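Report on one structure; see the data block that follows.
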Amino acid sequence: MAEISLLVHDLSVAVTPIGTGPLRGRDFGGLHVFSPASIAVAGDRIAWIGPPEEVLRRIPSGADYESVDGRGKAALPGLVDCHTHAAFLGDRAGEFELRASGATYEEIHASGGGIRSTVAATRAGSEEDLRSSVERHLGWMLEHGTMSAEAKSGYGLDRETELKSLRAIRDAGRRSPVDVYPTFLGAHTVPPEFGSAQEEYVEFVILEVLPEAASLARFADVFLERGSFEVPEARRYLEACRAHGLALRLHADQFSERGAIPLAVELGARSVDHLEATGEEGARLLAKSDVAAVLLPACALFLDLPLPPARLLAEEGAIIALATDFNPGSSFCESLPLVMNLACTRLGLSPAEALCACTANAAHVLGLEDAGRLAPGYRADVLLLDAPDWRHVAYHLGGDRFAAKIKSGRAL
Ligand code: NIG
Ligand code: FE
């Protein structure tokens, strides 16, 4: 065993998803539960996890390491938020108020507000403003236990602001303890200067923005929905992004089903996200494929949408991940523990399934093979809950209480 730098000792319990890679079908929700437990860390990696006396036996006597007292605490992997829109300026509190008095999200979008109002605010700020905004948002996420996060562009929709957003995400990630993975959401919606010329806008993005955006992003994403893009433009955009080496994601079936799942399966996308409007046939097709279903119950709550068919997806063997969808318009929520609570109370997932969906399966969506588990060789990203039972992470509604956080082997 490599030299131990930190030992979390005598935990009430430590939990981690079983196996490797994504968990689906009968394995979904499978956890190793060690009780009591200790976790030994070497540098930025987990070296060992297991019963305290077994872990101690593996550490050479006289070794010098930092100790964290785990008594009365539960350890779980640092959470992975695989769908966030962290790069924006301004807010939509005014629209929130309008919605409270009956206006719908789609009506606000159709009248030129919604995403487009955040686009205007984001274009108006400097790159420095945007970087500090992303950094601030990452700080909020970390407070709630997120240690790896995806962050999308998509509030620029012109060359300068899209690239500025992706650089801001990169630079904020370098300053934050949270590991950040950027997504190019150049096809979020059609910006006002293009009117309703979806095809023209997509051609512009592909020719003028994508070549440079591809060197700053890992993923590409599109909003396939009435009022944004239909299948032909989505296909054109995604195929071009794939040719530039980006892995593909889709915002789809949020308000209406319009062919996104067959397209995602055909293109070998990494995930389809939302699925509030997905019917049985779509759910079964997705479940049988290797395209992950990313469920965003905070968004469904925020917009009062129907819920996605989570149980059907789970029974049919889909790769299910959960995420916040953090953004100013449809889900102003950065808390994965809250999302886990909603998954248990509204989607019919068990706490164990919700945990897998925010750790191992979310890591899979981001292509991370060494995050989302407390197992030897994985990143030493560890949350210590201030409770003796790990289920409190989902059970305590909006009240996640952490006794300690360890990121890449260092106590924060
Ligand atoms: O995931 N649906 C599209 N995009 C975001 C919302 C963006 C916004 O309203 O600003 C979402 O819900
Ligand atoms: Fe989203």
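Determine, yes or no, whether LEU248 is aliphatic (A, V, I, L, M) and in contact with a Gly (Cβ under 9 Å, 6 or more places away or on another chain). In short, yes.
Taking the criterion of being open to solvent by 10 Å² or more (accessible area, probe 1.4 Å), within 16 Å of ligand 2 (Cβ to nearest atom) and within 29 Å of PRO232 (Cα to Cα), would at least one residue in the range 284-302 satisfy it?
No, the range 284-302 has no match at all.
If we scan the range 196-213, do we find a residue that is under 22 Å from VAL294 (Cβ atoms) and not in a helix (DSSP H, G or I)? Within the range 196-213, not a single residue is under 22 Å from VAL294 (Cβ atoms) and not in a helix (DSSP H, G or I). From the list ASP325, ASP386, the one residue that fits, being open to solvent by less than 40 Å² (accessible area, probe 1.4 Å) and among the acidic types (Asp, Glu), is ASP325.
Return the residues of the range 224-243 that are surrounded by fewer than 22 Cβ atoms within 10 Å (Cβ to Cβ) and touching a strand residue (DSSP E or B) at 6+ places or on another chain (Cβ under 8 Å); say none if nothing qualifies.
SER228, GLU230, VAL231, GLU233, ARG242
Out of all the residues in the range 226-238, is one or more within 24 Å of PRO328 (Cβ to Cβ), within 14 Å of ligand 1 (Cβ to nearest atom) and either outside the structural domain of THR278 (by TED's automatic domain parsing) or hydrophobic (A, V, I, L, M, F, W, C) (or both)? Yes, some residue in the range 226-238 is within 24 Å of PRO328 (Cβ to Cβ), within 14 Å of ligand 1 (Cβ to nearest atom) and either outside the structural domain of THR278 (by TED's automatic domain parsing) or hydrophobic (A, V, I, L, M, F, W, C) (or both).
Take ALA87 and decide whether it is of a type outside the set (Val, Ile, Thr), buried (at least 22 other Cβ atoms within 10 Å of the Cβ) and within 16 Å of ligand 1 (Cβ to nearest atom). Considered against the rule, which asks whether it is of a type outside the set (Val, Ile, Thr), buried (at least 22 other Cβ atoms within 10 Å of the Cβ) and within 16 Å of ligand 1 (Cβ to nearest atom), ALA87 comes out as yes.
Selection of the range 60-84 for residues being open to solvent by 10 Å² or more (accessible area, probe 1.4 Å) and either outside any loop (DSSP other than H, G, I, E, B) or within 30 Å of LEU138 (Cα to Cα) (or both) yields TYR65, GLU66, SER67, VAL68, ASP69, ARG71, GLY72, LYS73.
Between CYS344, CYS333, which is more than 16 Å from ligand 2 (Cβ to nearest atom) and either modelled with pLDDT of 95 or more or at positive phi (or both)?
Going through CYS344, CYS333 in turn, just one is more than 16 Å from ligand 2 (Cβ to nearest atom) and either modelled with pLDDT of 95 or more or at positive phi (or both): CYS344.
The values are calculated or read from the model by the stated rules, or taken from the named source; none is laboratory data. Remember, it's a predicted structure, so these values are computed and weren't measured experimentally. Counting neighbours? That spans all protein chains shown, and the Cβs are built from the backbone with ideal geometry, glycine included. Heavy atoms of the whole protein, side chains included, go into the accessibility calculation; ligands, DNA and RNA do not. Shrake-Rupley method; radii C 1.70, N 1.55, O 1.52, S 1.80 Å.
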